[in-house]
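Enquirer: Before I ask anything, here is the structure I am working with.
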Amino acid sequence: MPGVYAVGDINGGPQFTYISFDDHRIVLDDLLGEGKRTRDDRVAVPWCAFLNPPLASVGISEDEAAKEDREMRVAKADIAKIAVMPRPKILGNPAGMAKFVVDTKTDEILGATLHCVDSQELINTVAAVMRLGGTAADLRDGIWTHPSSTEVFNGVL
Ligand SMILES: Cc1cc2nc3c(=O)[nH]c(=O)nc-3n(C[C@H](O)[C@H](O)[C@H](O)COP(=O)(O)OP(=O)(O)OC[C@H]3O[C@@H](n4cnc5c(N)ncnc54)[C@H](O)[C@@H]3O)c2cc1C
């Protein structure tokens with residue numbers, strides 16, 4: 001119905017607070033802005049289950065990439081074995097793993113799943129790089145603070 005908007009969980013999309021927030025931005029832009037904002041702008045939308053440690057993911061999985069016949073490499077490691085990432089050990093919570101699916105031709109990150117301390121933050125960095133057209137090398141070769149969980153990118157990719 002023209003002029004009637006459904007924002008948030010009620011509209012049947014992914015049910016997350018940040019999706020509701022983005023819905024509101026789309027409506028606001030439609031009512032008061034340029035009306036250009038759409039749900040199609042949503043690229044690389046991450047999610048996180050706040051377990052201990054948190055489990056976060058973005059993009060497609062290894063299985064999904066295989067179904068799309070993507071030429072890929074999978075970079076993964078147990079968190080406890082990543083020498084350049086001491087922060088989880090310092091915090092006494094070195095459980096979990098990190099996994100990245102990377103397009104071998106373009107070095108584009110197709111997806112990532114991180115089950116570790118701070119993954120609710122790390123996944124947003126991965127999502128930003130994916131959105132901005134960056135590569136796995138951008139994350140791997142990045143200069144990050146120490147000791148930080150961000151060093152997972154140096155150690156795994
Ligand atoms: C247990 C749980 C954990 C969650 N954890 C996360 C998480 O970690 N991260 C995340 O991003 N999302 C999480 N979510 C999802 C998130 O809470 C929702 O996606 C988000 O709140 C949706 O926002 P909304 O504004 O669409 O709806 P709501 O936040 O549900 O707001 C709807 C409002 O409308 C009011 N209302 C309902 N009927 C009427 C009526 N007839 N008249 C007037 N007012 C009415 C309600 O009282 C409510 O205040 C979680 C949800 C649950 C249930």
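Enquirer: Right, SER20: within 14 Å of the ligand (Cβ to nearest atom), farther than 30 Å from ILE79 by Cα and at pLDDT 95 or above or not?
Expert: yes
Enquirer: Quick one: ALA80 ticks every box in (1) assigned by TED's automatic domain parsing to the domain that holds ALA136; (2) at pLDDT below 95 except a single one, so which number is it?
Expert: (2)
Enquirer: With the condition kept exactly as written, say whether any residue in segment 57-73 is at pLDDT 95 or above, surrounded by 15 or more Cβ atoms within 10 Å (Cβ to Cβ) and within 16 Å of the ligand (Cβ to nearest atom).
Expert: yes
Enquirer: Which residue, of VAL74, VAL27, VAL4, is among the hydrophobic types (A, V, I, L, M, F, W, C), part of a strand (DSSP E or B) and without any contact (Cβ under 8 Å) to a residue 60 or more places away in the chain?
Expert: Answer to the check: VAL74.
Enquirer: Would you be able to say whether some residue in segment 89-105 is in the same structural domain as MET130 (by TED's automatic domain parsing), more than 22 Å from TYR18 (Cβ to Cβ) and part of a helix (DSSP H, G or I)?
Expert: Within segment 89-105 (the criterion being in the same structural domain as MET130 (by TED's automatic domain parsing), more than 22 Å from TYR18 (Cβ to Cβ) and part of a helix (DSSP H, G or I)), the answer is yes, since at least one residue qualifies.
Enquirer: Restricting to segment 34-56, give me the number of residues that are under 17 Å from ASP22 (Cα atoms), in a loop (DSSP other than H, G, I, E, B) and within 11 Å of the ligand (Cβ to nearest atom).
Expert: Residues in segment 34-56 being under 17 Å from ASP22 (Cα atoms), in a loop (DSSP other than H, G, I, E, B) and within 11 Å of the ligand (Cβ to nearest atom): 2 in total.
Enquirer: Right, here's the next one. Within segment 83-119, track down each residue that is among the hydrophobic types (A, V, I, L, M, F, W, C), surrounded by fewer than 21 Cβ atoms within 10 Å (Cβ to Cβ) and touching a helix residue (DSSP H, G or I) at 6+ places or on another chain (Cβ under 8 Å).
Expert: Hits for segment 83-119 are ALA83, VAL84, ALA95, MET97.
Enquirer: Let me ask something else. Quick one: in segment 1-17, of everything that is of a type in the set (Gly, Ala, Ser) and over 25 Å from GLN120 (Cα atoms), which residue is nearest to the ligand (Cβ to nearest atom)?
Expert: ALA6
The values are calculated or read from the model by the stated rules, or taken from the named source; none is laboratory data. Remember, predicted model here, so these are calculated numbers, not experimental data. We place every Cβ from the backbone using ideal geometry, glycine too, and count neighbours over all the protein chains shown.
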